[in-house]
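Report on one structure; see the data block that follows.
The values are calculated or read from the model by the stated rules, or taken from the named source; none is laboratory data. Worth saying up front: this structure is predicted, and the values here are computed from it rather than measured. Here the Cβ positions follow ideal geometry from the backbone for every residue, glycine too, while neighbour counts run over all protein chains shown. Surface areas here come from the heavy atoms of the whole protein model, side chains and all, with no ligands, DNA or RNA. Shrake-Rupley method; radii C 1.70, N 1.55, O 1.52, S 1.80 Å.
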Amino acid sequence: QQPVQSPQAVILREGEDAVINCSSSKALYSVHWYRQKHGEAPVFLMILLKGGEQKGHEKISASFNEKKQQSSLYLTASQLSYSGTYFCGTVNTGNQFYFGTGTSLTVIP
Amino acid sequence: ETGVTQTPRHLVMGMTNKKSLKCEQHLGHNAMYWYKQSAKKPLELMFVYSLEERVENNSVPSRFSPECPNSSHLFLHLHTLQPEDSALYLCASSQEEGTSIANEQFFGPGTRLTVL
């Protein structure tokens, strides 16, 4: 039920790019992305809906492959402030919501 | 500040105690959520309230009892907890048109619970 994220952890230098993947075993209606910094609450990044609609920040990009039940979050020209744990959340066609396993991203100078 | 507050921020309780966690949202949202976040485990959705009615209960043990007296307040009543219930408990809210979670959730800072 719970989506699986990959990689589990990644370390980047400032300016490098990263891709975080989220994969579900169930057909999905939408995928949500959040970032959580250590000791803080998760913060919304974006939502991708079946059919192509997206809601969220313009500077964050992501894709949603409905047939493969997968989503990818693209982080380009990373900054130190991008560090944190990224979670995808999926709403399946049974209307169930699950957060993924998380990806720890560390950006170093 | 996200507009969602939680009290207390830290709580230590024994296994025989009864305590309650409180969440309040000042955003005018119509849906509220309780999540459990344990070390090295993903966020687990525990309960969903939409328009003050519980619409989801993900197989949570009965020692956790939610209450939503109005659309701005959400409680989690705790009794006879186990040490494995120690975790960060997060509250969130969103504005939804139906029972599905389709919009941005705003999270509170959480209550760090330790069960001795």
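A few notes on this one:
- The relative contact order of the stretch A:47-109 comes to 23 percent, based on Cα pairs under 8 Å that sit 6 or more residues apart.
- Relative contact order [Cα under 8 Å, 6+ residues apart], the stretch B:1-107, whole percent: 33
- Within 10 Å of the Cβ of each residue in B:39-48, the mean number of Cβ atoms contributed by other protein chains is 4.
- Our summary gives chain A a relative contact order of 39 percent, counting only alpha carbon pairs under 8 angstrom and 6 or more residues apart.
- Of A:Gln96, A:Gln70, A:Gln36, the one that fluctuates the most in a GNM where chain A has Cα springs shorter than 10 Å: A:Gln96
- When Rg and Dmax are taken over the Cα atoms of chain B, they come to 13.3, 41 Å.
- Selected from B:Ala87, B:Ala39, B:Ala31 as most flexible by GNM, with chain B as the system and alpha-carbon contacts under 10 Å: B:Ala39
- A 1.4 Å probe, protein heavy atoms only, puts the accessible area of A:Arg13 near 130 Å².
- For the stretch B:28-83, trypsin sites (Lys or Arg not before Pro) are listed when DSSP marks them as loop and at most 16 other Cβ atoms sit within 10 Å of their Cβ; the list is B:Lys40, B:Arg63.
- With 30 Å² as the minimum drop in accessible area between chain alone and full protein complex (1.4 Å probe), the qualifying residues in the stretch B:83-116 are B:Ser100, B:Ile101, B:Ala102, B:Asn103, B:Glu104, B:Gln105, B:Phe107.
- Sorted largest first by accessible area at a 1.4 angstrom probe radius, with every protein chain in place, the residues A:Asp17, B:Asp85 fall in the order A:Asp17, B:Asp85.
- Calculated FRET value between B:Ser20 and B:Glu97, using beta carbons and R₀ = 35 Å, to 0.05: 0.70
- Environment charge of B:Pro8, counting only residues whose C-beta is closer than 12 Å and scoring Lys/Arg +1, Asp/Glu -1: +4
- Loop-located GluC sites (Glu not before Pro) in the stretch B:63-116, at most 11 other Cβ atoms within 10 Å (DSSP): B:Glu97
- Taking the DSSP beta bridges with both ends in chain B, the antiparallel portion is around 90 percent.
- A versus B: buried accessible surface, summed, Å² (probe 1.4 Å, to nearest 100): 1500
- Farthest toward the positive end of the dipole of chain B, out of B:Ser86, B:Tyr49, B:Pro66, is the Cα of B:Ser86, where the dipole comes from beta carbon charges about the Cα centre.
- Spatially close lysines, pair count over the stretch A:1-88: Cα under 13 Å, gap of eight or more or interchain: 4
- Springs between Cα atoms under 10 Å define the GNM used for chain B, and in it the highest mean-square fluctuation of B:Ser72, B:Ser94, B:Ser59 occurs at B:Ser59.
- To the nearest 10, the accessible area of B:Val55 is 60 Å² with a 1.4 Å probe.
- The stretch B:1-52: GluC sites (Glu not before Pro) in DSSP coil with no more than 12 other Cβ atoms inside 10 Å: B:Glu1
- Point-charge dipole on Cβ atoms (K/R +1, D/E -1) for the stretch B:21-107, about Cα centre, debye to 20: 360
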